[in-house]
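To keep things clear, I will list the structure first and then write my remarks on it.
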Amino acid sequence: MSAERQHAGLLPASAAAVTAGALALSVPPLRSLIEQSMVWHMLVQMPLLVAGGALCAAALQRWRRAARPAAIGWLGHINRYGLTGFMFALVVGAYWMLPATVDRAVVLPAADAAKIVSLWLAGAALRHAFGRAPAAVQLFFIGSALPMGVWVGVYLASTDLRLCNAYSLASQIATGRGMVALSLLAGAVWLAGLRGHGRPRGDAAQALQG
Amino acid sequence: MQAPVQPAASDPMAGLAATFAASLAVLLIGLAALFMATGGGAGFTTETLRRSQVALAPAAIPDFSLVDAQGQLQSLHTLLAQDGRVWIVDFIYTRCPTLCLTLGSVFQQLQAQIVEQGLQRQVGLLSISFDPANDRPAELQEYARRMQMRPEVWQLVSLQEAADRRRLLDSFGIMVVPAPRGEFEHNAALHVVRPDGQLVRILDLNQPAAAIDAALAAGLTPLQAAVVAAR
């Protein structure tokens, strides 16, 4: 019982910790890390923001399920099979992969704030979407998002053009390689998760019954 | 899975209208954001956007106090307006071992072409150091010697006030990134600036001929130039 309660407290705690860590990278003294290194910006802070949003959504969902088990909620109605959530995450991901927007987030505080909010929300949307998407819809999303990550990564690592005015070419090449690795890792984690939790929930379960 | 006619509750397509509408709205808003971020598809890097913006609408460059290799003080606007020439401007720092050498040799080529084609009255070259703390007249002299600059074609200046550095770089859209061993990386390009201080075109380093054409197109006609020179 007490172990279970400890476990239950772990999710909100990690959600808060990951989000706080990602936010800390946007304010001094840690801000110099994302200002000087594209790796810290794109491979540490951005994924942390997405993870923070996803963990917060997971914590919120658990708390809501405990309070009102049967409710679907308005978000559920506009996110059947996770379609809207996946669409949102794809659009936000594509936006913050543009070198021009990455530069802007380094230079303009307003752009940085938009980046924080949108990537965090994209993480929350992903968590919401994966919970209600059948494997086929998940595969469709993974199959478009991960090749995009790999393609951008290969391009960043192989072009001799310096794409971000804010970062050195060496930093860009390291980021490109890391982006390929991170995309492949995300694919592996998704596959492992699919095998582990063979049974999806919510809409997905309904779809399987249908 | 193939259920022809099912009660609404278990029909996978039931209740999807709201989701489709929301997904479509997200897609459209996202495309609009991407459209704006790329300047309407003009480019996806800050550099291409900077260049296309300037090509669409010239940018007014503010005035700065400069110092040249002889230690003479001069304002940027006075320098630009001195004889009606259009200027091809680049940014350097004299300690630079790599990119500025490339830039330097591009400017050497430009100098040779200007002399060869007899365009000294129409097109001038101006190198501005963005490292005013280190680049004082002595360093400028050494750099001018190394680059074999001909003063009637190619001028070299540094900022008088180190505090102006940021404003100068911002006004041209240059971002300087510290690199290892005390070096800098920066977006190097050829900036075409009219005598009235308007930045009208930004061209790639490997387009020196296009930069001369752009400068000639932005400048006075030969007759106008002759009138200015006679004054």
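The values are calculated or read from the model by the stated rules, or taken from the named source; none is laboratory data. It should be emphasised that the depicted structure is a prediction, and the values quoted were computed from it without experimental measurement. When we count neighbours, we look across all protein chains shown, and the Cβ atoms used for this are built from the backbone with ideal geometry, even at glycine. Note: areas computed on protein heavy atoms with side chains; ligands, DNA, RNA excluded. Shrake-Rupley method; radii C 1.70, N 1.55, O 1.52, S 1.80 Å.
Data for the structure
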{"item": "Segment A:28-64 - residue that is open to solvent by 70 Å² or more (accessible area, probe 1.4 Å) and among the aliphatic types (A, V, I, L, M) and, of those, modelled with the lowest pLDDT", "result": "A:LEU60"}
{"item": "Check on B:SER75, over 23 Å from B:HIS186 (Cα atoms) and touching a Ser or Thr at 6+ places or on another chain (Cβ under 8 Å)", "result": "yes"}
{"item": "B:ARG95, sole failed condition from (1) modelled with pLDDT under 90; (2) outside any loop (DSSP other than H, G, I, E, B)", "result": "(2)"}
{"item": "Hits in segment A:84-95 - residues which are surrounded by fewer than 24 Cβ atoms within 10 Å (Cβ to Cβ) and not small (Gly, Ala, Ser)", "result": "A:MET87, A:LEU90, A:VAL91, A:TYR95"}
{"item": "Residue identified as farther than 27 Å from A:ASN79 by Cβ, open to solvent by 60 Å² or more (accessible area, probe 1.4 Å) and among the hydrophobic types (A, V, I, L, M, F, W, C) among A:LEU169, A:LEU139, A:LEU161", "result": "A:LEU161"}
{"item": "Of all residues making up segment B:1-24, the number that are more than 8 Å from chain A (Cβ to nearest Cβ) and either at pLDDT 95 or above or touching an Asp or Glu at 6+ places or on another chain (Cβ under 8 Å) (or both)", "result": "1"}
{"item": "Selection within segment A:127-167 - within 11 Å of chain B (Cβ to nearest Cβ), touching a residue at least 40 places away in the same chain (Cβ under 8 Å) and part of a loop (DSSP other than H, G, I, E, B)", "result": "A:ARG132, A:PRO134, A:LEU163, A:CYS164, A:ASN165, A:ALA166, A:TYR167"}
{"item": "Strands (runs of 3 or more DSSP E) wholly inside segment B:131-209 that include at least 1 residues being in contact with a strand residue (DSSP E or B) (Cβ under 9 Å, 6 or more places away or on another chain) and of a type in the set (Val, Ile, Thr)", "result": "B:154-159, B:176-179, B:190-193, B:198-203"}
{"item": "Filtered residues of segment A:67-89 (kept if part of a helix (DSSP H, G or I) and within 8 Å of chain B (Cβ to nearest Cβ))", "result": "A:HIS77, A:ILE78, A:ARG80, A:TYR81, A:LEU83, A:THR84, A:MET87, A:PHE88"}
{"item": "Segment B:26-37, residues that are more than 7 Å from chain A (Cβ to nearest Cβ) and open to solvent by less than 60 Å² (accessible area, probe 1.4 Å)", "result": "B:ALA32"}
{"item": "Options B:GLY71, B:GLY104, B:GLY124, B:GLY118; residue that is crowded, with 21+ Cβ neighbours inside 10 Å and not hydrophobic (A, V, I, L, M, F, W, C)", "result": "B:GLY124"}
{"item": "Test: residue in segment B:42-59 that is farther than 27 Å from A:SER168 by Cβ, touching a residue at least 12 places away in the same chain (Cβ under 8 Å), more than 14 Å from chain A (Cβ to nearest Cβ) and surrounded by 17 or more Cβ atoms within 10 Å (Cβ to Cβ)", "result": "yes"}
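Residue-by-condition table, conditions (1) at positive phi; (2) touching a residue at least 24 places away in the same chain (Cβ under 8 Å); (3) β-branched (Val, Ile, Thr):
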| position | (1), (2), (3) |
| --- | --- |
| B:THR94 | no, yes, yes |
| B:LEU119 | no, yes, no |
| B:LEU126 | no, yes, no |
| B:ALA138 | no, no, no |
| B:LEU156 | no, yes, no |
| B:LEU159 | no, yes, no |
| B:GLY173 | yes, yes, no |
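Residue-by-condition table, conditions (1) within 16 Å of the chain's Cα centre (by Cα); (2) in a loop (DSSP other than H, G, I, E, B); (3) of a type outside the set (Gly, Ala, Ser):
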site: B:ILE29; (1), (2), (3): no, no, yes
site: B:ALA33; (1), (2), (3): no, no, no
site: B:GLY43; (1), (2), (3): yes, yes, no
site: B:ARG50; (1), (2), (3): yes, no, yes
site: B:ALA55; (1), (2), (3): yes, no, no
site: B:PRO62; (1), (2), (3): yes, yes, yes
site: B:VAL67; (1), (2), (3): no, no, yes
site: B:GLY71; (1), (2), (3): no, yes, no
